[in-house]
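Report on the following structure.
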Amino acid sequence: MVLQYSDRMDSLFSPQTSWVSGPIIVGAGPSGLAVAASLREQGVPFTMLERADCIASLWQKRTYDRLKLHLPKQFCELPRMAFPAHYPEYPTRRQFIDYLEDYAAAFDINPLFGHTVLSARYDETSGLWRVRASSSAGAEMEYIGSWLVVATGENAESVVPDIPGIDGFGGEVVHVADYKSGEAYRGKRVLVVGCGNSGMEVSLDLCDHGARPAMVVRDAVHVLPREVLGKSTFELAVLLMAWLPLWLVDKILVLLAWLVLGNLAKLGIRRPATGPLELKNTTGRTPVLDYGALARIRSGEITVVPGVARFGKGFAELADGRVIALDAVVLATGYRSNVPQWLQGNDFFNKDGYPKTAFPNGWKGESGLYAVGFTRRGLSGASADAIRAAKDLARVWKEATKPTKKSTACHRRCISVIF
């Protein structure tokens, strides 16, 4: 059952309730912006709810200063707007934020900032989505509409592991979301927990600022060169995938990594048995691209250590029994989806907050539910989802907004049910 928009509806809603004539989009990061721009181009109205006070809050508030896009810019563009020609191949954090702000302005995207979604559920009786949100001013609102786009992404919440003794460590403990620069750690002994792209890059940044980092490498991890013979490793993989099966591309990438980077087992870094692309597709674990951290590991400026058994006052006891003195800890332990915390009564998402249906078919659920930005394929995957979702939404919205006598009667019945 779908409602038709009417100017008369304004007088029927209480001040705490708002009717949305198009999709309700939750999240104003790159995924939300991408689907909003695609909808705007097709003339579909929308309301976007964002808990922060800015677009792309992960990039603006929870990234370190030296961050650059890990992939060439052509693989990170949002739909219908290229990066400026003068941008380098790997734009900086600031350049990417500027691009997103220009993108929002170009497509007239104006989110409702400071709106934290508390719950979203589909009302079977009315055939509508009911999204409850609290504003930064303390008011509570309910947004009601026929379609819901979940665009909060894969990195909505920081993952903070429960390591024994960490509360009694005594020194500074920060998640990488709150780390900005190694300048604050000059001369300090810092343990970086995690060896993904963030862990490697933070360790390198600490080195560059005169700190003494040790990096925890607990599990096997794929480390690839960022470029091979001047060409992006990612771009090379995309080209190979057009002609070769995934398993063979994986073998080629591992061979190239061995030729360029050498035997990393000697540095305490083990490769998984599963290839980098297959591992990414099945688990979401992204290969690490080397930006110079391996050279610092070889020189001894970054120490590789195994997992942490426990923390004590000013020290960490490692899994191999060694004890190392520390001044600070940086948790490069990643992020997770927060969808299970607020999306109710729906089994489209799994317990980890990802669509149960794998890419490229995980963008649409039932009853007007859409998901954008959960592909585990970065910005290019989010853009692909956004284009598909917006195209489908434009179709159903145009069908739903055709004025008919039947739909007007339906409209009146739904209003009587809701209010």
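Observations, loosely collected:
- Computed about the Cα centre, the dipole magnitude for region 159-331 is approximately 420 debye when only Lys and Arg (+1) and Asp and Glu (-1) carry charge, each at its Cβ.
- Counting only Cβ charges, +1 for Lys and Arg and -1 for Asp and Glu, the dipole size of region 244-360 around its Cα centre is about 140 debye.
- Amide H contacts for Phe315 (H built 1.01 Å from N in the peptide plane; partners 5 or more residues away or on another chain; cut-off under 5 Å): Leu326.
- Rounded to the nearest 20, the size of the Cβ-charge dipole of the chain about its Cα centre is 640 debye, with Lys and Arg at +1 and Asp and Glu at -1.
- Karplus-derived 3J(HN,Hα) values for region 96-113, using 6.51 cos²θ - 1.76 cosθ + 1.60 with θ = phi - 60°, are 5, 4, 4, 4, 5, 5, 5, 5, 4, 5, 5, 9, 6, 9, 10, x, 8, 6 Hz; glycine and proline are entered as x.
- Only helices enter this figure: runs of n ≥ 4 DSSP H residues, each worth -39500 (n - 2.57), summed and divided by the residues of the chain, yield -9000 deg cm²/dmol at 222 nm to the nearest 500.
- Rounded if a/c under 1.5, otherwise prolate or oblate - region 240-355, Cα gyration tensor axes: oblate
- Principal axes of region 159-331: Cα extent on each, largest first, Å: 55, 29, 29
- Helix 405-418 axis, angle to the chain major axis (alpha carbon atoms, nearest 10°): 70
- For Val304, the residues 5 or more places off, or on other chains, whose built amide H falls under 5 Å of its own are Met215.
- Extreme residue, positive dipole direction of region 11-88, given options Val26, Thr63, Gln16 (C-beta unit charges): Thr63
- Long-range HN-HN contacts of Lys364 with modeled amide H, under 5 Å: Ala371
- Val260 paired with Glu317, simple spin-label distance in nm, labels 7 Å along Cα-to-beta-carbon: 4.2
- Accessible surface ranking that places the most exposed of Glu183, Glu227 first, with a 1.4 angstrom probe: Glu183, Glu227
- Solvent exposure of Glu41, expressed as accessible area, is near 110 Å², computed with a probe of 1.4 Å over the protein chains only.
- Surface share of carbon and sulfur [accessible, 1.4 angstrom probe, percent] for region 323-403: 50
- Whether region 148-187 is rounded, prolate or oblate, judged on the alpha carbon gyration tensor where a/c under 1.5 counts as rounded: oblate
- Span per principal axis, largest first, for the Cα atoms of the chain (Å): 76, 53, 38
- Restraint check, Lys73/Lys231; Lys68/Lys351; Lys231/Lys251, Cα-Cα greater than 21 Å: Lys68/Lys351
- Looking at the chain, the DSSP beta bridges with both ends there are about 45 percent antiparallel.
- Straight-line cross-link partners of Lys61 among the lysines, defined as a Cα under 21 Å from its Cα and at least 8 positions apart when in the same chain: Lys180.
- Qualifying aspartates and glutamates (Cα of each under 12 Å from Cα of Lys313; at least 8 residues distant if same chain): Asp167, Glu172, Asp327
- Per residue, region 159-331 exposes an accessible area of 47 Å² to a 1.4 Å probe, with every protein chain left in place.
- Karplus (6.51, -1.76, 1.60) ³J(HN,Hα), θ = phi - 60°, over region 340-352, in Hz, Gly and Pro reported as x: x, 6, 10, 7, 10, x, 9, 9, 5, 9, 7, 5, 8
- Antiparallel DSSP beta bridges within region 159-331, percent to nearest 5: 30
- Protein accessible area in region 219-271, 1.4 Å probe - carbon and sulfur %: 68
- Along region 135-152 the Karplus relation, 6.51 cos²θ - 1.76 cosθ + 1.60 evaluated at θ = phi - 60°, assigns HN-Hα couplings of 8, 5, 7, x, 7, 10, 10, 10, 9, 10, x, 8, 9, 10, 10, 8, 10, 7 Hz to successive residues, with x for each Gly and Pro.
- Cα-Cα P(r), region 301-411, percent of pairs per 10 Å interval: 11, 26, 18, 20, 14, 6, 5, 1
- Net lengthening on full extension, Ala309/Val160 (0.36 nm per residue, minus Cα-Cα): 52.1 nm
The values are calculated or read from the model by the stated rules, or taken from the named source; none is laboratory data. Given the structure is predicted, the values throughout are model-derived calculations rather than measurements. Ideal geometry is used to build each Cβ from the backbone, glycine not excepted, and the neighbour counts take in all protein chains shown. The protein model used for the area step is the full one, side chains on, heavy atoms only, and it has no ligands, DNA or RNA in it. Shrake-Rupley method; radii C 1.70, N 1.55, O 1.52, S 1.80 Å.
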